[in-house]
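Q: I'd like to ask you about the structure that follows.
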Amino acid sequence: MPLGPLGTPLVVLLLTLLVPVAFRYGWPARIGRPALFLAITLTLALVVAGCALSWYLQPLAGMGVAGSSAGGTDNGNVLFEAQMRTRFFTAAIFAVLAQYWLCRGTQFLLGR
């Protein structure tokens, strides 16, 4: 895993939570009802991060002592780490983009 067992979920969660805050305070457009906007988008950020993390952690579901093989572990570990790294970056990018579009949609629904 790129950042360890606890670092990866925290990075995805923080990136996803950072988007609504940056959208609210750093975005040049005016947002009507900012407290309601932050409440809705931060809740949506938790849902998006949960979906991204569940997809990221899916290959770990069958792992364990019973699932390991005796032969060829060096090559298998390298391939597995590469797969998890790719899934991490995909999950992080998906979460940030999905949260951005949810912020845009929420901004549109609340009226600029």
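The values are calculated or read from the model by the stated rules, or taken from the named source; none is laboratory data. Quantities reported herein were computed from a predicted structural model and do not represent experimental measurements. Here Cβ is always computed from backbone atoms with ideal geometry, including for glycine, and neighbour counts include all displayed protein chains.
Q: Do you know which of the residues in segment 39-50 that are surrounded by fewer than 15 Cβ atoms within 10 Å (Cβ to Cβ) and hydrophobic (A, V, I, L, M, F, W, C) is nearest to Leu13 (Cα to Cα)?
A: Of all residues in segment 39-50, those surrounded by fewer than 15 Cβ atoms within 10 Å (Cβ to Cβ) come to 39, 43, 46-47.
Narrowing further to those that are hydrophobic (A, V, I, L, M, F, W, C): 39, 46-47.
Details: Ala39: 16, Leu46: 7, Val47: 10 Å.
Among residues in segment 39-50 that are surrounded by fewer than 15 Cβ atoms within 10 Å (Cβ to Cβ) and hydrophobic (A, V, I, L, M, F, W, C), the one nearest to Leu13 (Cα to Cα) is Leu46.
Q: Would you confirm whether any residue within segment 33-54 is more than 17 Å from Pro20 (Cβ to Cβ), at pLDDT 80 or above and out of contact with any Cys (no Cβ under 7 Å at 6 or more places or on another chain)? Give the derivation first.
A: Residues of segment 33-54 more than 17 Å from Pro20 (Cβ to Cβ): 53-54.
Restricting the remaining residues to those that are at pLDDT 80 or above gives 53-54.
The next check asks that each one be out of contact with any Cys (no Cβ under 7 Å at 6 or more places or on another chain); those that pass are 53-54.
The answer is yes, given that some residue of segment 33-54 is more than 17 Å from Pro20 (Cβ to Cβ), at pLDDT 80 or above and out of contact with any Cys (no Cβ under 7 Å at 6 or more places or on another chain).
Q: Here is a further query. For segment 70-92, give me the residue count where each residue is under 30 Å from Phe37 (Cβ atoms) and either surrounded by fewer than 13 Cβ atoms within 10 Å (Cβ to Cβ) or modelled with pLDDT under 85 (or both). Before the answer, list the steps.
A: Quick first cut of segment 70-92, residues under 30 Å from Phe37 (Cβ atoms) only: 88-92.
Those still in the list that are either surrounded by fewer than 13 Cβ atoms within 10 Å (Cβ to Cβ) or modelled with pLDDT under 85 (or both) too: 89.
Residues meeting the conditions: 1.
Q: Sticking with this structure for a sec: Please give the number of the condition Gln58 fails out of (1) over 25 Å from the mean Cα position of the chain (by Cα); (2) at pLDDT 80 or above.
A: Looking at each condition in turn, Gln58 falls short on (1).
Q: Let me spell it out: the conditions are (1) closer than 20 Å to Val21 by Cβ; (2) at pLDDT 85 or above; (3) surrounded by fewer than 18 Cβ atoms within 10 Å (Cβ to Cβ), and Arg112 meets all of them except one. Which number is the exception?
A: Here Arg112 meets the rest and fails (2).
Q: Can you name the residue in segment 19-36 that is of a type in the set (A, V, I, L, M) and within 22 Å of the chain's Cα centre (by Cα) and, of all such residues, is nearest to Val96 (Cα to Cα)? Lay out the reasoning, then the answer.
A: Step one: of segment 19-36, the residues of a type in the set (A, V, I, L, M) are 19, 21-22, 29, 31, 35-36.
The next check asks that each one be within 22 Å of the chain's Cα centre (by Cα); those that pass are 19, 21-22.
Numbers: Val19: 7, Val21: 12, Ala22: 12 Å.
Of everything passing the filter in segment 19-36, Val19 is nearest to Val96 (Cα to Cα).
Q: So the check is Cβ under 9 Å with 6+ separation or different chains; which pairs have a first residue in segment 41-66 that's closer than 27 Å to Leu79 by Cβ and a second one that's in a helix (DSSP H, G or I) and at pLDDT below 80?
A: Leu53/Thr8; Tyr56/Thr8; Leu57/Thr8
Q: Also: I'm trying to understand the selection: among the residues of segment 94-109, which are surrounded by fewer than 13 Cβ atoms within 10 Å (Cβ to Cβ) and closer than 23 Å to Thr8 by Cα?
A: Residues satisfying the conditions are Leu97, Trp101.
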